[in-house]
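Working notes for the structure below.
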Amino acid sequence: MENAIKLTGLWKSKDKEGKTFLSGSLSPVSKVLVMPNTFKKEGKGPDYYLYVGVNEKKEGSKPSRTPEDDL
């Protein structure tokens, strides 16, 4: 894949049930999750699903500036 673009790194984690998933960030405001398809029938459907969501603000984080702040 000589023209491939790296989007993000992914970290391996486990959910409360001990199942492994991958997660990372695409930007300061979006995150990605790669979850195994636990409902896959033999030979049908994808092995994994990619989810994109909004990063939730972490408590105590600095508020970001907006162009309106300079008015």
Members of the range 3-29 that are in a loop (DSSP other than H, G, I, E, B), over 18 Å from TYR48 (Cβ atoms) and small (Gly, Ala, Ser): ALA4
- request: Among the residues of the range 18-39, count how many are exposed (fewer than 10 other Cβ atoms within 10 Å of the Cβ) and modelled with pLDDT under 90.
  value: 4
Cross-chain or 6+ apart pairs with Cβ under 7 Å, the range 10-38 first and touching a residue at least 24 places away in the same chain (Cβ under 8 Å), then assigned to a loop (DSSP other than H, G, I, E, B) and of a type in the set (Val, Ile, Thr): SER25/THR8; LEU26/THR8; VAL32/THR8
- request: Go through the residues of the range 40-55 one by one and say whether even a single one is surrounded by 11 or more Cβ atoms within 10 Å (Cβ to Cβ) and modelled with pLDDT under 85.
  value: yes
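The values are calculated or read from the model by the stated rules, or taken from the named source; none is laboratory data. The shown structure was predicted, so the numbers you read here are calculated from the model rather than taken from an experiment. Virtual Cβ from ideal backbone geometry, glycine too; neighbours counted across all protein chains shown.
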